[in-house]
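The values are calculated or read from the model by the stated rules, or taken from the named source; none is laboratory data. Note that the structure is predicted; figures quoted are calculated from it, not measured. With ideal geometry, Cβ positions are generated from the backbone for all residues, glycine too; neighbour counts draw on all protein chains shown.
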Amino acid sequence: MLSLIENWIDIIANIIIALLLLSGSFFLLSGSIGVIRFPDVYTRLHATTKGATLGISGLLIGAFLFLYMQHGIISGKLLLAIVFTLLTSPVAGHMISRAAHKAGIKPVTNQRTDEYERAIQNQKQQQK
C-alpha cells in the first residue's frame, strides 16, 4: 500500500515539474515574440520583463523541485536565483521605462492619456 502511495506522489510531482517547465518555456517564448511584435519601447519592455520573470522563475522552480524530489538535493543557489529574479527583473524594467520616458520617448497611445507625464507636470507645478 505504501508503495502505491509513493508511486502516486512521484507521478503527481513529475506532472507538476513538467507543468512548471512547460509554463516557464511558454512565458519565455511569448516574451520573445512580444519583443518582435509590439510597437514601442514600453510594450516591448513589458513583454520582456514579464516573460523573463515568469519564465525563468517557472524553469528554476521546476528544476528545484526536480532536484528535491528525484535526488533529495535542496539547492540554495536555485532558491537565491528565484528570489533575485523575482526582485530585480520588475524593478529593472520599471527603471528602464522611466529612463526612456525621461529621455523623451513617447508611448504609442491610442485613446489613452500619458498619466506619468501628467504626474510630472503636477509635481513641477507644486514645486513652483
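Go through segment 1-52 and count every residue that is surrounded by 17 or more Cβ atoms within 10 Å (Cβ to Cβ) and either among the hydroxyl-bearing types (S, T, Y) or in contact with a strand residue (DSSP E or B) (Cβ under 8 Å, 6 or more places away or on another chain) (or both).
So the count comes out to 4.
Suppose the filter is of a type in the set (F, W, Y), over 30 Å from Y116 (Cβ atoms) and in contact with a helix residue (DSSP H, G or I) (Cβ under 6 Å, 6 or more places away or on another chain); does F27 pass it?
no
Restricting to segment 91-128, count the residues that are over 16 Å from T49 (Cβ atoms) and not in a helix (DSSP H, G or I).
12
Between a residue in segment 32-44 that is over 19 Å from M95 (Cα atoms) and any residue that is among the aliphatic types (A, V, I, L, M) and modelled with pLDDT under 95, which pairs come within a Cβ distance under 8 Å, given they are 6 or more apart or on different chains?
I33/A47; G34/A47; F38/A47; P39/V108
Against the condition touching a Pro at 6+ places or on another chain (Cβ under 8 Å), under 30 Å from E117 (Cβ atoms) and assigned to a helix (DSSP H, G or I), how does T88 come out, does it pass?
no
Evaluate the following for K77: is it surrounded by fewer than 18 Cβ atoms within 10 Å (Cβ to Cβ) and within 30 Å of A119 (Cα to Cα)?
Considered against the rule, which asks whether it is surrounded by fewer than 18 Cβ atoms within 10 Å (Cβ to Cβ) and within 30 Å of A119 (Cα to Cα), K77 comes out as no.
Among the candidates S97, S57, S89, which residue alone is hydroxyl-bearing (S, T, Y), touching a Gly at 6+ places or on another chain (Cβ under 8 Å) and surrounded by 12 or more Cβ atoms within 10 Å (Cβ to Cβ)?
From the options S97, S57, S89, the qualifying one is S57.
Quick check on segment 64-72. Is at least one of its residues over 17 Å from the mean Cα position of the chain (by Cα), surrounded by 11 or more Cβ atoms within 10 Å (Cβ to Cβ), assigned to a loop (DSSP other than H, G, I, E, B) and of a type in the set (G, A, S)?
No, because not a single residue in segment 64-72 is over 17 Å from the mean Cα position of the chain (by Cα), surrounded by 11 or more Cβ atoms within 10 Å (Cβ to Cβ), assigned to a loop (DSSP other than H, G, I, E, B) and of a type in the set (G, A, S).
Would segment 100-120 turn up any residue that is within 30 Å of I16 (Cβ to Cβ) and of a type in the set (A, V, I, L, M)?
No - not one qualifying residue is present in segment 100-120.
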